[in-house]
Amino acid sequence: MAVSLHAPSKHKSGSSFALTSFRRQSGQIKTKKIQRKWKLKIKHIIFAFVLLVGFFYGFGRLYFFMISWAKLNIKEVDIVCAKAEIHRDIQHHFAGKYLGNILLLNIGQLQKQLAAHRWIKSVHIRKIFPSSLKIEIKERIPAALLEKDHLYMIDKDGILLEKLPSNSKLDLPLLIDEDRFQRDFDLKLDLAWACLDSLEAQDLDKIAVIDLSEYENVSLKLKDSETWLKLGNDRFNEKFRLFNSNMFLFEKYGPLAYIDFRCQGRLILGPQIREKPENILDSEKEAF
């Protein structure tokens, strides 16, 4: 009888192979989650509808209570304003008026009404619960006098703040135009502000009149002088410093009607003519 000496080893190796072949690798086991489907029933819809109705009904009742609550009616208006005249005008605006519930107040409309005042530049309104308003006013600042159909005080936005008597004397520069600002009003004002903004404080105090009659030209007359300074439309501060540093030279030419700074690299001096007007061209002198 033939006997195989290697049979046990074969069986062993075969078992190992079998175990190896059917062993699952770690991490590859997947489990299926059981998802339950939630069915929407009619009772759920009714419950949600009732809940929504109850919420909006309660909110409506609360809102109606709030807008009709006497403690939320506006009783006090605090006005912050530096100018007494504006403060008085705003108080007069609110005198005897019922402003109603603070929740219903239209701040935008109220700001628009107050901003229509010629002296008010901007308005900021805050609601202070339960029953107060705080109104902060930014006033317009007079920047010059303007000679138009009448004499006016104006600010830098060109707003005519106040009509003045023709003989008024205020410490503000007077803006004039031979056409009385019938044309190019905004452009001429922009040129005047550009000039004034560029000058130093000590020079601003010296200016009496600004003539804007000529196109793209600013002519200044100082408080203590009859000489017009024709500065053109740029480098105003530089030209004014040139005038200040050479005043001793200008005095040598006697009384001057104007000094023209518009030509690059030179000045044109126009002496005052006290005799015949036809001598104007002959009497002009140039310097620099």
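None of the figures in this text is laboratory data; all of them are computed from the coordinates on show. As the structure is a prediction and not an experimental result, all values here were calculated from the model. As a convention, Cβ positions derive from the backbone with ideal geometry for all residues, glycine included, and neighbour counts pool all protein chains shown.
Remarks
- In this structure the amide hydrogen of Ala208, modeled in the peptide plane, comes within under 5 Å of the amide hydrogens of Lys221, Leu222, Lys223, none closer than 5 places in sequence on its chain.
- Amide hydrogen neighbours beyond the local backbone of Ala257, cut-off 5 Å, H modeled: Gly270, Gln272
- DSSP-assigned coil residues among chymotrypsin sites (Phe, Trp or Tyr not before Pro) in segment 65-158, each with at most 12 further Cβ atoms within 10 Å: Tyr98
- Candidate aspartates and glutamates for bridging to Lys230, where Cα separation is under 15 Å - those fewer than 8 sequence places away on the same chain excluded: Asp177, Asp211, Glu214, Glu216, Glu238, Asp260, Glu284, Glu286
- Whole-Hz Karplus values for segment 97-102 come out as 9, 9, 7, x, 6, 5 Hz, taken residue by residue from phi with 6.51 cos²θ - 1.76 cosθ + 1.60 and θ = phi - 60°; glycine and proline positions read x.
- If you take the alpha carbon atoms of segment 145-194 and fit the smallest convex hull around them, that volume is 75 Å³ per residue.
- With neighbours defined as other Cβ atoms within 10 Å of a residue's Cβ, the residues Ile210, Ile86 order from fewest to most as Ile86, Ile210.
- Among the listed pairs Lys134/Lys156; Lys138/Lys188; Lys156/Lys221; Lys112/Lys239, those beyond 32 Å (Cα-Cα): Lys112/Lys239
- In sequence order, segment 49-64 has phi-based couplings of 5, 4, 5, 5, 4, x, 5, 5, 5, x, 5, x, 4, 5, 5, 4 Hz under the Karplus curve 6.51 cos²θ - 1.76 cosθ + 1.60, θ = phi - 60°, and Gly or Pro positions carry x.
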